[in-house]
């Protein structure tokens with residue numbers, strides 16, 4: 001009896017030692033793999049260019065293809081104004097000629113007699129009256145150029161929206177990595193705690209296996225988070241017009257600022273100064289000027305022209321003459337061309353009116369959607385932060401209950417998952433807020449800081465997703 005008990009105790013100790021050795025080897029292997037991954041990630045991170053939000057937007061505005069195209073269109077529209085102004089100026093032309101021809105006669109020596117002549121003309125003409133067409137064309141050109149300026153402004157803020165979204169997405173991806181790292185660290189500590197409980201006979205091997213499965217899943221999630229971070233950096237670099245990946249500066253954060261404007265105030269501001277609305281209104285005014293320009297074809301036109309001529313058979317020419325002429329015309333019938341031009345201009349005027357109304361309605365909808373996103377994110381962020389604190393406390397209590405044998409490993413797993421989900425939810429709400437503000441600025445065409453009646457105050461709420469200490 002004694003020998004059997006001794007043999008059984010020795011066998012049990014051997015199994016415990018073997019299991020402990022296997023777990024230790026597995027733990028060291030996992031730590032070594034994680035350390036290698038972390039080392040690779042650190043090396044890759046050190047080689048990535050880091051920029052602040054201000055630097056990212058500045059580079060994007062310089063290199064954005066859409067902004068460059070809008071800038072070229074603006075230059076073209078400004079040249080149209082130059083052409084319209086030039087129609088008020090007189091035209092000046094310089095002409096000259098030289099000719100030599102045979103007269104069909106012979107001189108006393110029998111040679112053919114030729115005749116040579118030289119001539120020079122300077123002529124000038126100016127339109128005195130054309131039914132105010134030039135004035136209407138100038139007004140249309142100026143309004144079109146101003147509308148193109150608003151389109152350029154709109155493209156700038158569209159580019160800013162894209163780069164801000166990519167920037168905040170990269171920050172959110174980096175914060176997600178921090179959350180997953182904290183989760184892996186908690187599960188490693190939990191695995192050691194479960195092994196202690198097994199050694200004390202207060203837990204089963206199934207608890208250890210379940211915790212190891214959770215740890216493996218957490219490490220996979222960490223790898224995916226790091227991969228998403230790399231993808232976000234390439235996306236940020238692409239949005240900025242760069243070929244290499246770009247990361248946000250270490251000081252970049254998702255913490256929201258206070259929004260000092262209400263929905264009705266923002267809608268009113270957008271209806272007055274949104275680039276899309278302003279552009280539509282200016283295009284409407286240009287269309288009205290085009291109608292007036294087309295109607296000017298019914299008016300008579302008057303022009304003044306004159307010039308100086310020099311002509312002689314010797315060079316330089318000595319015979320001089322000048323001329324002055326005032327002429328006018330009144331088109332009686334031109335094959336309904338005037339009526340066709342007026343109909344087209346009026347049709348474009350109706351289109352411009354519809355576009356103006358559509359722009360105002362679209363701005364109202366866009367501001368409401370963006371403001372609702374910001375407002376919802378602020379409300380959900382308060383709940384998400386509270387959920388993080390509650391989940392942390394729940395995890396602490398569940399650990400105590402598990403140590404006492406009251407809670408199961410499933411309860412502990414659920415507490416870990418609840419904390420991780422709450423931390424991720426905080427990141428999502430912060431990201432939604434920042435993107436919503438960027439959308440508001442894109443629609444309005446101005447930074448909210450420039451519009452805010454009072455300086456914006458930075459929220460002093462604590463960061464709820466910092467890496468938790470073991």
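Things to note:
- Spatial separation of Cα centroids for the stretch 389-422 and the stretch 161-193, in angstrom: 20 Å
- When each of the peptides 245-255, 196-206 is scored by the mean number of other C-beta atoms lying within 10 Å of its residues, the order from highest to lowest reads 245-255, 196-206.
- Centre separation in Å (Cα based) which lies between the stretch 315-342 and the stretch 131-147: 24 Å
- For the pair residue 310 and residue 55, label points projected 7 Å from Cα toward Cβ lie 6.6 nm apart.
- Protection proxy ranking, highest mean first, for peptides 130-137, 390-397, 332-339: 130-137, 390-397, 332-339, where packing is the per-residue count of other beta-carbon atoms within 10 Å, averaged.
- FRET efficiency, 1/(1 + (r/R0)^6) with R0 45 Å, evaluated for residue 158 and residue 92 via beta carbons: 0.50
- Residues listed by number, the stretch 309-342, amide nitrogen under 15 Å from residue 121 label point at 7 Å toward C-beta: 309-312, 320-325
- Fully extended contour minus Cα-Cα distance, from residue 340 to residue 396, at 0.36 nm per residue: 12.0 nm
- Sequence ranges 140-148, 166-174, ranked by mean other-Cβ count within 10 angstrom, highest first: 166-174, 140-148
Here, each number is a calculation from the coordinates, and none is a lab measurement. What you see is a predicted model, and the numbers here were worked out from it, not measured in a lab. Glycine also receives a Cβ, built like all others from the backbone with ideal geometry; neighbour counts cover every protein chain displayed.
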